[in-house]
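The values are calculated or read from the model by the stated rules, or taken from the named source; none is laboratory data. These numbers come from a predicted model, not from an experiment. Cβ sites come from the backbone with ideal geometry, for glycine too, and all protein chains shown count toward neighbours. The area values use the complete protein model at the heavy-atom level, side chains included, leaving out ligands, DNA and RNA. Shrake-Rupley method; radii C 1.70, N 1.55, O 1.52, S 1.80 Å.
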Amino acid sequence: MKFSSRLLLCACAALLCACGSDPDTSQYGASPKLPDPHSQLLPTMKIAKPAQWGNRQPSVPKGYRISAIATGLAIPRQTLVLPNGDILVAEGRGGYAPKLTPKDVIAAYIKAKGTSSVKGGNRLTLLRDADGDGVYEVRTAFAENLNAPYGLALVGNQLFVANQDAVVRFDYQDGQLNASGSPVTVTGLPFAINHHWTKSLAASADGLFLYVGIGSNSNITERGMTAETDRAMVWQIDARTGAHKPYATGLRNPTALAIRPGSVELWAVVNERDEIGPNLVPDYLTSVREGAFYGWPYSYWGRNVDRRVRPENPQKVAMAIAPDYALGSHVAALGVAFSAPTMGAQFAEGAFVGEHGSWNRGVPVGYKVVFVPFRDGHPAGDPIDFVTGFQVEGLTWSTGWRDRGSARRADRRRRFVEYDLARHASEVKR
Amino acid sequence: MRRPLHPLHVVLLAGTIPLFLGVLFTDIAYFNTFEVQWKNFASWMLVGGLVFCGLTALAALIGMVRADGRARKSVFYLLLLLAAFVLGLINAFVHAGDAWASMPLGLVLSVIAALLVFAATWLGLFDSRRGEAA
């Protein structure tokens with residue numbers, strides 16, 4: 001009896017020790033400081049409380065303006081600016097992951113509090129501002145009955161859409177308001193479970209290949225190793241035939257892909273693993289090297305072994321390379337878009353990154369759009385806040401608690417479109 | 001002097017021990033195979049074990065009050081059940097760690113909790129048997 005109560009005391013003490021604070025949040029750049037991992041009896045959590053925008057607006061740097069261009073959207077994800085200035089918004093919510101453990105049941109309940117109850121639209125909405133006055137007066141459903149569309153890419157007159165289970169293709173003519181028919185399937189994608197269901201998409205500079213980001217089926221293999229077949233990787237797909245191969249692997253959740261303008265380099269933002277501390281593991285922005293292995297699940301940020309994965313694989317760990325640029329732990333990057341000189345001198349060269357925001361931290365991070373400055377094609381310097389105010393006073397969240405990425409508007413009006421939120425799309429102008 | 005355990009009390013106690021044993025055996029299976037489905041089973045049986053163990057402790061408390069708290073052994077019986085419950089609860093949080101994060105601590109706790117439940121069952125039924133004889 002005494003023994004058991006002493007053990008109980010020890011366990012309680014261990015519990016208390018596990019609840020650390022989350023100090024340093026500045027983990028930026030090529031070699032972020034990585035604390036030792038620690039297991040927590042209860043993961044540190046702060047769940048966003050969704051709120052309405054009302055009259056509030058996110059903040060942008062001086063000289064820029066932000067305005068909502070569409071509201072009432074059904075879970076907007078990625079956007080695509082078409083050559084004539086029209087904007088396509090993919091709307092949807094995917095995933096088939098069953099609740100396998102008591103934790104799944106409880107976590108689903110807790111996380112539902114921080115998320116929108118709106119049903120995913122499973123469609124592409126087209127927005128048009130024909131007269132250029134900043135009001136998008138035309139709004140049509142370009143395509144409907146898609147299966148959780150996410151990634152979008154236009155190659156010539158072919159519009160590619162990455163649904164949660166397949167890449168499909170529409171014919172597209174300049175100025176078209178509605179798709180002319182049902183889409184053609186280019187290739188199926190892994191969709192069983194779909195714990196991380198978003199399928200990001202980018203087309204190579206020459207338009208011959210498509211790249212699709214396929215997220216892992218778990219945080220850290222808790223759904224078993226077989227569930228991770230063909231997961232946590234970027235596929236290269238022949239746009240014409242649909243033939244595909246893994247292009248790079250070990251990328252836990254590559255939520256957005258982009259080709260750096262003026263180059264053939266593929267870049268990605270990737271969300272890293274949770275539940276080993278508030279400052280582990282940094283999410284990152286990286287160029288994606290063909291054939292490279294980026295560590296997941298066996299290790300993180302190069303060769304830092306994650307002991308939660310069994311069986312271990314020292315050979316894979318030895319192969320793992322570190323990504324290019326840490327964005328900070330748990331910021332949950334969900335969008336990346338390279339800038340252009342039309343954005344103004346300070347933001348001319350670099351990448352905008354939309355950050356959904358954290359749950360696995362006591363002090364929330366993310367919930368904004370940052371700009372990562374580049375020099376000579378490489379990230380150079382700390383991220384600069386670009387759109388903020390999605391989170392106010394710690395607990396009050398604008399509807400825009402979910403900023404879902406960003407897309408550059410490359411037309412003569414020098415606009416930058418940034419979309420976000422569960423229901424809004426907004427635009428930043430200069 | 002002492003009355004035998006109420007049949008409902010016995011049912012609760014009899015439900016507790018296989019659940020805690022199940023957690024122990026499935027944890028051993030996960031420890032040896034890395035097959036995560038064993039851990040899923042363990043996590044659910046742990047929840048079941050906590051429900052049964054908690055209700056058994058409540059029944060034990062009621063029984064103790066009705067026996068005017070004179071039986072020293074019934075105090076031990078209750079404390080063993082409570083210790084198993086608390087340890088099981090901690091173990092449930094340990095098991096909520098993803099994949100191998102629950103190991104080896106989860107297995108250690110499963111062994112101790114199963115032993116506590118074993119001891120509680122022994123004491124509870126032994127007492128009960130004596131009560132019947134008396």
ask   = When you scan the range A:85-97, how many residues do you find that are over 30 Å from B:A99 (Cβ atoms) and either at pLDDT 90 or above or buried (at least 21 other Cβ atoms within 10 Å of the Cβ) (or both)?
value = 6
inquiry  = Looking at the range A:154-165 only, could you name the residues that are open to solvent by 10 Å² or more (accessible area, probe 1.4 Å) and not polar (S, T, N, Q)?
reply    = A:L154, A:V155, A:G156, A:D165
remark   = Of those in the range A:198-231 that are open to solvent by 40 Å² or more (accessible area, probe 1.4 Å) and within 30 Å of A:L159 (Cβ to Cβ), the residue farthest from the other protein chains (Cβ to nearest Cβ) is A:D206
ask   = Across the range A:237-247, what is the number of residues that are buried (at least 19 other Cβ atoms within 10 Å of the Cβ) and either without any contact (Cβ under 8 Å) to a residue 60 or more places away in the chain or under 21 Å from the mean Cα position of the chain (by Cα) (or both)?
value = 3
Residue within the range A:98-109 that is away from every other protein chain (no Cβ under 14 Å) and surrounded by fewer than 17 Cβ atoms within 10 Å (Cβ to Cβ) present = no
ask   = Considering only residues of the range B:53-72 that are more than 18 Å from B:L115 (Cβ to Cβ) and of a type outside the set (A, V, I, L, M), which is modelled with the highest pLDDT?
value = B:G54
key: Set A:S204, A:S200, A:S116, A:S180: member being closer than 30 Å to B:A92 by Cα and hydroxyl-bearing (S, T, Y)   = A:S116
ask   = Quick one: A:H38 ticks every box in (1) within 13 Å of chain B (Cβ to nearest Cβ); (2) outside any loop (DSSP other than H, G, I, E, B); (3) at pLDDT 80 or above bar one, so which box is it?
value = (2)
Number of the exception - B:F34 against (1) touching a helix residue (DSSP H, G or I) at 6+ places or on another chain (Cβ under 9 Å); (2) at pLDDT below 95; (3) at positive phi = (2)
query = Within the group B:N40, B:N32, which residue is assigned to a helix (DSSP H, G or I) and within 16 Å of B:V108 (Cβ to Cβ)?
reply = B:N32
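Residue-by-condition table, conditions (1) surrounded by fewer than 18 Cβ atoms within 10 Å (Cβ to Cβ); (2) at pLDDT below 95:
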{"site": "B:M1", "(1), (2)": "yes, yes"}
{"site": "B:P4", "(1), (2)": "yes, yes"}
{"site": "B:L24", "(1), (2)": "no, no"}
{"site": "B:V51", "(1), (2)": "yes, no"}
{"site": "B:F85", "(1), (2)": "no, no"}
message = I want to confirm something. Restricting to the range B:94-113 and keeping residues that are open to solvent by 10 Å² or more (accessible area, probe 1.4 Å) and more than 9 Å from chain A (Cβ to nearest Cβ), which single residue is nearest to A:E312 (Cα to Cα)?
response = B:P104
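Within the range A:61-113, work out how many residues are in a loop (DSSP other than H, G, I, E, B) and among the polar types (S, T, N, Q).
Residues meeting the conditions: 3.
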message = I'd like to check something: does the range A:359-370 contain any residue that is modelled with pLDDT of 90 or more, surrounded by 23 or more Cβ atoms within 10 Å (Cβ to Cβ) and not acidic (D, E)?
response = yes
ask   = Take the residues of the range A:289-317 that are over 21 Å from A:P43 (Cα atoms) and buried (at least 24 other Cβ atoms within 10 Å of the Cβ): which is nearest to the other protein chains (Cβ to nearest Cβ)?
value = A:G295
message = Given the condition outside any loop (DSSP other than H, G, I, E, B) and touching a Phe, Trp or Tyr at 6+ places or on another chain (Cβ under 7 Å), answer yes or no: does some residue in the range B:97-110 qualify?
response = yes
key: Search result, residues across the range A:170-197 that are under 21 Å from A:G120 (Cα atoms), more than 21 Å from the chain's Cα centre (by Cα) and buried (at least 18 other Cβ atoms within 10 Å of the Cβ)   = A:F170, A:A179, A:P183
task = Select from the range A:272-324 the residues that are within 29 Å of A:P261 (Cα to Cα), assigned to a strand (DSSP E or B) and touching a helix residue (DSSP H, G or I) at 6+ places or on another chain (Cβ under 9 Å) and list them in ascending order.
result = A:F293
